[in-house]
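Participant: Below: one structure in structure tokens.
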Amino acid sequence: MQIVHTLAELRSALTGRGRPAFVPTMGNLHPGHLSLVERARELGEICVASIFVNRLQFLPHEDFDSYPRTWEADCQKLRDAGCHILFAPREQDLYPEPQTYRIQPDPALADILEGEFRPGFFTGVCTVVMKLFSAVFATTGGGVAVFGKKDYQQLMVVRRMVQQFALPVEVVAVDTARAEDGLALSSRNGYLSEAQRQQAMALSLVLQELARAARSGSVPLAELEARAMHELAAKGWEPDYLSVRQRHDLCPPADAQALTEAPLVALGAARLGSTRLIDNLEF
Ligand code: PAF
């Protein structure tokens, strides 16, 4: 695996290597990330992963400084997974001058759910993803980018950005990797204490129950969502939201028929101690 840091090195490493399939990450890799790499290897002629902890997508009180950085282990995992190129820009490589231009995603999609509780998060994500796409795809005439469904809203925001800017990138989604008890794999799971880890699957269980009850259509959705919030809070969590949305636009189901028939997704974010986890379930 070739490791490169600058845009120029990356572009030179990509020259003549065919269509890239790209997996952007912030490192601290777990089997969920590696499943994205595996998919990328199937989809592209050359598999590129990036590791960059993007300051722009963290709020001042969030965990940018303490975000787990596990460089040696990450490199080994990517090598073992058959990644061809690791792009690991330093801050000055990606943002050589203060990044004063930003990509402002559609507020209808980006200011709800995660965006409501992490204002500016998707602006930070879009700005870095646009820059990473420019790094990987500008000289290759496009390619594939692989994202996990665990960050469901991020996937949708990026998809819409690609569509709106007519970027030559095919965005491919991969299902969430889960631990045996159902907990969605996440770098932030490492913050959980042993006792918290035992309770952490409650988030996915509550979402499953919310999805099941919502589909039956017999109780108003707002009531079910409030009940789910209450249930999670009773287990010691502090939920930000638990909500059922239409898959195509993340708006609440348009009517009773949409609730019982349309492709929907139940999304949730909640804090267990100081660790904030997200999860979702399509149904
Ligand atoms: O999902 C992530 O790890 C990050 O949001 C991403 C897409 C790498 C952008 O920093």
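Participant: With each run of n ≥ 4 DSSP H residues scored as -39500 (n - 2.57), what mean residue ellipticity at 222 nm is computed for the chain after dividing by its residue count and rounding to the nearest 500 deg cm²/dmol?
Facilitator: Numbers: 12 runs with 115 residues, N = 283.
Result for the chain: -11500 deg cm²/dmol, rounded to the nearest 500.
Participant: Using θ = phi - 60° and the Karplus curve 6.51 cos²θ - 1.76 cosθ + 1.60, what whole-Hz ³J(HN,Hα) does each residue of region 273-280 get, with Gly and Pro shown as x?
Facilitator: 3J(HN,Hα) across region 273-280, in whole Hz: x, 9, 9, 9, 10, 10, 7, 7.
Participant: Based on the mean of other beta carbon atoms within 10 Å per residue, what is the order of 11-23, 213-225, most packed first?
Facilitator: 11-23, 213-225
Participant: What is region 102-229's relative contact order, in percent, from Cα pairs under 8 angstrom and six or more apart in sequence?
Facilitator: RCO, region 102-229: 17 percent.
Participant: Could you tell me whether region 89-239 comes out rounded, prolate or oblate from its Cα gyration tensor? Rule is a ≥ b ≥ c as square roots of the eigenvalues, rounded for a/c under 1.5, then prolate if a/b exceeds b/c, otherwise oblate. Before the final figure, lay out each step's value.
Facilitator: Numbers: a/c = 2.12, a/b = 1.79, b/c = 1.18.
Verdict is prolate for region 89-239.
Participant: Now a separate question. List the residues, sorted by chain then number, that are 5 or more residues from residue 50 or on another chain and whose placed amide H is less than 5 Å from its amide H.
Facilitator: Answer set, sorted by chain and number: 23, 25, 87.
Participant: If you bin the C-alpha pair distances of the chain every 5 Å from 0, what whole percents do you get?
Facilitator: Binned Cα distances yield the sequence 1, 5, 12, 16, 18, 17, 13, 9, 5, 3, 1, 0.
Participant: Taking a ≥ b ≥ c as the square roots of the Cα gyration tensor eigenvalues, with a/c under 1.5 meaning rounded and otherwise prolate when a/b beats b/c, else oblate, which class fits region 167-283?
Facilitator: oblate
Participant: Remind me, relative contact order of the chain in percent, using alpha carbon pairs under 8 angstrom and six or more residues apart?
Facilitator: 18
Participant: Let me ask something else. Rounded if a/c is under 1.5, else prolate if a/b beats b/c, else oblate: with a ≥ b ≥ c from the C-alpha gyration tensor eigenvalues square-rooted, which is region 213-252?
Facilitator: Judged from the Cα gyration tensor, region 213-252 comes out oblate (a/c at least 1.5, b/c at or above a/b).
Participant: Tell me the relative contact order for region 1-56 as a rounded percent, counting alpha carbon contacts under 8 Å between residues six or more apart.
Facilitator: 41
Participant: Working from Cα positions, state the angle (0 to 90°, nearest 10) between the long axis of helix 71-81 and the longest principal axis of the chain.
Facilitator: Long axis of 71-81 versus the principal axis of the chain: about 90 degrees.
Participant: Also, quick follow-up: Can you compute 3J(HN,Hα) from phi for each residue in region 262-269, using the Karplus curve 6.51 cos²θ - 1.76 cosθ + 1.60 with θ = phi - 60°, rounded to whole Hz and x for Gly and Pro?
Facilitator: With the stated coefficients, region 262-269 comes to 6, x, 10, 9, 9, 10, x, 9 Hz.
Participant: In addition: Long-range amide H contacts for residue 178: which residues qualify at under 5 Å (H placed 1.01 Å from N, peptide plane, sequence gap of 5 or more or a different chain)?
Facilitator: When sequence neighbours closer than 5 places are left aside, the close amide H contacts are 185.
Participant: A follow-up question, please. So what does log10 I(q)/I(0) come out to for region 11-93 at q = 0.12, 0.24 Å⁻¹, using the Debye formula with one equal point on every Cα and no solvent?
Facilitator: Computed log10 I(q)/I(0) values: -0.37, -1.17.
Participant: Run the numbers for residue 163 and residue 256: contour at 0.36 nm per residue of separation, minus the present Cα-Cα distance, in nm.
Facilitator: That works out to 30.5 nm of additional length.
Participant: Can you work out the Karplus-derived ³J(HN,Hα) for every residue in region 175-186? Use 6.51 cos²θ - 1.76 cosθ + 1.60 with θ = phi - 60°, whole Hz, and x for glycine or proline.
Facilitator: Values, residue by residue: 4, 5, 7, 10, 6, 4, 7, x, 5, 5, 5, 7 Hz.
Readers should treat all values here as calculations from the given coordinates under stated rules, not as data from a laboratory. What you see is a predicted model, and the numbers here were worked out from it, not measured in a lab. As a convention, Cβ positions derive from the backbone with ideal geometry for all residues, glycine included, and neighbour counts pool all protein chains shown.
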